[in-house]
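First the structure, in the form of structure tokens, and then the observations on it.
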Amino acid sequence: MSKTFPGWTFGVEIEFAVAYITNPEDNPDPSEKRTVYYGPLTANDKSVARDYLADRWQARLPQDPLGDKELDTGHEGNQVNLKKAFNKEAHHAAMKRHMAKTVRNAGHEGEWAFKSDWSVEGPKLPPPGYEFLDMEVNSPPFYFCKEAVYAVQDVVALLTNAYCLNINETCGIHVHVGAGERDFEFRTLQKLTSFLWAFTPQLNSLHPLSRQEQRVEEANASSIRETSRYAERRKFTHKLRPTPLQGVAKFMSYTNKDEMLWPAIKRKYPKGMAYNLLWQHPKIAAETMIKFEGEENFSPKQTIEFRQHAGSLNTEEIGNWIETVVGILEFCQKSSATQIYELFLLTQLETREKLGDGHDAQREEDEGPILAEGKFTIIDLLTTMKLWGPALYYRQLRYYIHNPVRDDEQKPKETKLWEYEIQRFDGTWKGTMEEFVQTENMRDAWDAANAACKALRLAGSENKWWTFNPGHPMWPAHDKKLDGYADTDAATDSQASDKGSQKGKPSESDDSELTQYSLGTWTEDSDDEDLE
């Protein structure tokens, strides 16, 4: 395990489904030695179930609600059998109690919490005679070291040997990483955000397609390139997502944490990103999570949550993922300006992505593999960061080669904010093609005027008319390679690049000089409040 900054802390959330039976005499497999029966139910189990159901549906329940009657949950057309719901939650309570006792009796210190997770489902074809309940085990916070990783692996192995657990596509592993008692430094967060943008395809290759942004409706692990405010806003006004290097330049241009994190986070359900930065923006975190959890249950965290990993009970896989995510933060904290800048420049080699439009195979035959599957894979990235252990593990395991499939139904519906687009999409557009083209042109003119107004406002210039020249000496010095990806009024990238200038590279010691390599934010689109 690589030597790291001693202050990193981490905690793990592991999701799985658990098999159970309600009658010990009805075990369909008497040879099964693992626990499947959690009775007899105690008075406390029943009390916990009753309180849970009452809180969930704001209903008054009888002391022992075992009658076969329907309970109106308050949602139209939604009734549940009270007896079945009560028995299920009572077994849930018994199961959590049993598992917590097993972990304690094995001598594991700290509070290992067992919780329900509504997003977890049982297997699609469960073994006959068994029912399944959702479960999530949360580790206590650890300081990152090999002994802490071993403790997590030991608990996973213990649970796997003691209970009948099921892993399926609804399950995931979430790793929270913190900086001990400290807050994350702004520069570390800035480099991390840019890193996640730059190397989304490489990181995606560690995870199955079920944990990719193509399943955007599920919103459990969408990427910063796909669903961040910045990516979505750019798609509205420019029709295309920013290039890798352009996104890096954007995030490296900010000068404070809140300003930078706002465009990096999703508008809707911001927690549901592959790499959740929500907790680093307290205002958004509070406003968002109180809606989901209630004010009394809201508990802020000073962590970054890595949510993309698929469910697993493989202890080696879990250990390597923990080391990988801590290693990414370690790299972003310790890398000099020149190191991180030169690494980000590799994204210039990413000339295309897989689109899932049925033509990816032909493009690969004509142009070769995409960068993440060819010249700079996840193995190359891990090796560059000197994460030798994970690099060796994933090299032997083989990373995923994805072939995404997209259709119109998988695209976010909220991308259509203009009335003529909605009408065109749903078939209610009554105008001619010429009128549609004219409307498109007027929309583009609106976008340009809006951006120009913001430019004038942010630049504080009295000049009401100008042509943007990214190489003009009024701008901070920067590498002209960035101009090729600049958000400019130039007709082509090459024209924009021709206007650039190079004023030297950043020093090894001063991260603040990274801003010299960033494009000014004044050319960006209108404020995100317009999206709400």
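Just so you know, all these numbers are worked out from the coordinates, no wet-lab data involved. Not measured: the values here are computed from a predicted model. Cβ: placed from backbone, ideal geometry, glycine included. Neighbour counts: every protein chain shown.
The packing ranking of peptides 101-113, 256-268, 145-157, highest mean first, is 256-268, 145-157, 101-113, where packing means the average number of other beta carbon atoms within 10 angstrom of each residue. Residue pairs exceeding 31 angstrom between C-alpha atoms, taken from LYS101/LYS301; LYS101/LYS257; LYS101/LYS191: LYS101/LYS257; LYS101/LYS191.
Given a Förster distance of 22 Å, report the FRET efficiency between LYS146 and ASN105 from their Cβ-Cβ distance, rounded to the nearest 0.05.
Details: r = 24 Å, r/R0 = 1.10.
It comes out at approximately 0.35.
A simple spin-label model places pseudo-atoms 7 Å from Cα toward Cβ; at GLU342 and ASP380 they are separated by 1.5 nm.
By per-residue mean of other Cβ atoms within 10 Å, what is the highest-first order of 329-340, 386-397, 186-197?
Working: 329-340: 19.7, 386-397: 16.4, 186-197: 24.3.
With the highest mean Cβ count within 10 Å placed first, the list reads 186-197, 329-340, 386-397.
How much length is gained on full extension from TRP388 to ARG56, taking 0.36 nm per residue of separation minus their Cα-Cα distance? All intermediate terms of the calculation are to be shown ahead of the outcome.
Working: separation 332, 0.36 × 332 = 119.52 nm, distance 4.73 nm.
Separation in residues times 0.36 nm, less the Cα-Cα distance, equals 114.8 nm.
Extension gain, HIS359 to GLN302, is 16.2 nm, computed as 0.36 nm per intervening residue step minus the present C-alpha separation.
Each label point is 7 Å from the Cα along the Cα-to-Cβ direction; what then is the distance between the points at LEU209 and THR255, in nm? Simple spin-label model gives 4.6 nm for this pair. Spacing of the modelled spin labels on ASN27 and GLU169, each 7 Å from Cα toward Cβ, amounts to 3.3 nm.
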